[in-house]
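What follows is a single structure, written as structure tokens, with notes after it.
The values are calculated or read from the model by the stated rules, or taken from the named source; none is laboratory data. Computed from a prediction, not measured in an experiment: that's the story for all the values here. Cβ sites come from the backbone with ideal geometry, for glycine too, and all protein chains shown count toward neighbours. Just so you know, the surface numbers come from the protein's heavy atoms only, side chains and all, with ligands and any DNA or RNA stripped out. Shrake-Rupley method; radii C 1.70, N 1.55, O 1.52, S 1.80 Å.
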Amino acid sequence: MKPNIPYSDKRILICPLDWGLGHASRCVPLIKQLQAQNNQVVVACTDWQKTFLQNEIEGVAYTALFGYNVKYSKSISLGAKLFLQSLRISFIIKKERSWLKEFLTHNKIDVVISDNRFGLYNKNVESVFITHQLFVPAPFLSGMVNKINRYYIKKYNACWVPDFEEEENSLTGKLAHGDSKLKQINYIGPLSRFTRSASTSEKKYDVLILLSGVEPQRTLLEEKLTEAFAGTNFKIALVRGIESDIQKQFPGNFSIFNTANTKELEGLFLTSHEIICRSGYSTLMDLRALGLKALLVPTPGQTEQEYLAQYWHEKFRFNCIAQNNINTEDIVTLLGLKENFVLQKQSV
């Protein structure tokens with residue numbers, strides 16, 4: 001399904017948030033559609049986002065843009081951690097406005113599209129904000145958080161929601177269909193770089209583990225799942241979701257991929273019996289596009305992912321498990337692999 005976007009023959013600046021890879025990955029189909037409509041695209045992003053996008057898209061110009069660099073914690077809840085970082089985030093939003101003002105004085109841009117970066121609007125250019133969270137499920141101070149969210153979205157000329165407009169078909173539930181009190185909403189449909197294939201592929205792996213997101217939670221999930229499958233008879237494909245030359249030892253039944261482009265990742269999806277991943281919205285849109293299901297492990301304390309995991313469990317019958325509850329027996333049972341499970345002696 002192509003995104004429903006109005007622009008053609010424009011010079012467009014796209015700025016994805018650096019909070020995990022999902023914002024950059026869901027910009028891929030958006031950029032391709034903009035190019036198909038004869039637009040010139042410039043992407044403002046961090047170095048690692050640029051590396052990812054260069055492997056996905058041709059004919060795009062790039063300019064460097066600082067990230068939010070949000071950090072999680074092993075011991076402090078995500079909500080509390082974000083609250084402690086709120087002053088720094090507010091400073092970054094102001095810095096974004098200054099950066100855009102300076103950039104526009106030296107570059108001709110017709111439209112700025114910001115994927116969840118709050119400060120990239122300017123009175124001298126048309127600006128669009130992309131989000132699937134018109135309502136933020138904050139763990140505390142929900143009213144204030146959503147007031148701030150609406151305040152910034154209203155600064156933009158339009159707000160694009162990557163979901164279906166009909167609530168009964170919604171992939172986001174109340175996140176994008178609650179009482180947002182916003183008027184400039186345009187539902188552009190789900191954004192995924194994948195399309196469903198009619199062909200069948202021979203299965204090579206019992207389980208594909210797809211890791212993503214902000215540290216240290218990415219590493220904590222990697223450690224828990226490695227421990228859960230170490231010594232089993234299952235063939236595991238692990239996509240770590242990191243750019244790293246550092247070698248790390250894994251069990252012998254693991255095939256390791258630090259990163260994977262769209263073609264590589266699609267091959268892993270289609271050659272794996274079962275999938276384990278976070279419940280980030282971009283990943284969920286990709287699974288829907290391919291017609292696949294997965295065992296979802298929401299990032300602890302990230303209320304959006306926790307809500308989406310429960311919503312997709314109830315609406316689309318996806319299984320989910322809390323990260324702290326991961327153990328071999330429960331994982332194998334939830335994946336439906338129990339009758340094939342054999343525990344072997346195997347060193348890590």
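List of remarks:
- Residue match in region 51-63 (condition: part of a strand (DSSP E or B), at pLDDT 90 or above and of a type in the set (D, E, K, R)): no
- Some residue of region 325-342 being under 22 Å from residue 21 (Cα atoms) and either assigned to a helix (DSSP H, G or I) or β-branched (Val, Ile, Thr) (or both): no
- Verdict on residue 212 being over 21 Å from residue 22 (Cα atoms) and either open to solvent by 20 Å² or more (accessible area, probe 1.4 Å) or outside any helix (DSSP H, G or I) (or both): no
- Filtered residues of region 94-131 (kept if among the aliphatic types (A, V, I, L, M), open to solvent by 10 Å² or more (accessible area, probe 1.4 Å) and in a helix (DSSP H, G or I)): 104
- Taking the conditions (1) surrounded by 18 or more Cβ atoms within 10 Å (Cβ to Cβ); (2) hydroxyl-bearing (Ser, Thr, Tyr); (3) farther than 24 Å from residue 189 by Cα; (4) under 16 Å from the mean Cα position of the chain (by Cα) in turn, residue 272 satisfies each one other than (4).
- Which numbered condition residue 314 fails, given (1) in a loop (DSSP other than H, G, I, E, B); (2) open to solvent by 60 Å² or more (accessible area, probe 1.4 Å); (3) more than 26 Å from residue 116 (Cα to Cα): (1)
- Identity of the residue in region 171-200, hydroxyl-bearing (Ser, Thr, Tyr) and surrounded by 13 or more Cβ atoms within 10 Å (Cβ to Cβ), that ends up modelled with the lowest pLDDT: 180
- Hey, residue 309 without any contact (Cβ under 8 Å) to a residue 60 or more places away in the chain, touching a Phe, Trp or Tyr at 6+ places or on another chain (Cβ under 8 Å) and in a helix (DSSP H, G or I) or not: yes
- Qualifying residue in region 199-213 (condition: touching a helix residue (DSSP H, G or I) at 6+ places or on another chain (Cβ under 8 Å), closer than 29 Å to residue 89 by Cβ and polar (S, T, N, Q)): yes
- Listed by first and then second residue, the pairs with beta-carbon distance under 6 Å, at least 6 apart or on different chains, first residue in region 228-254 and within 28 Å of residue 338 (Cα to Cα) and charged (D, E, K, R), second open to solvent by 40 Å² or more (accessible area, probe 1.4 Å) and part of a loop (DSSP other than H, G, I, E, B), are 240/258.
- Meets criteria (surrounded by 22 or more Cβ atoms within 10 Å (Cβ to Cβ) and aromatic (Phe, Trp, Tyr)) for residue 140: no
- Among the conditions (1) out of contact with any helix residue (DSSP H, G or I) (no Cβ under 6 Å at 6 or more places or on another chain); (2) in a helix (DSSP H, G or I), residue 228 misses just one, which is (1).
- Lone unmet requirement of (1) farther than 30 Å from residue 264 by Cα; (2) small (Gly, Ala, Ser); (3) within 22 Å of the chain's Cα centre (by Cα) for residue 142: (3)
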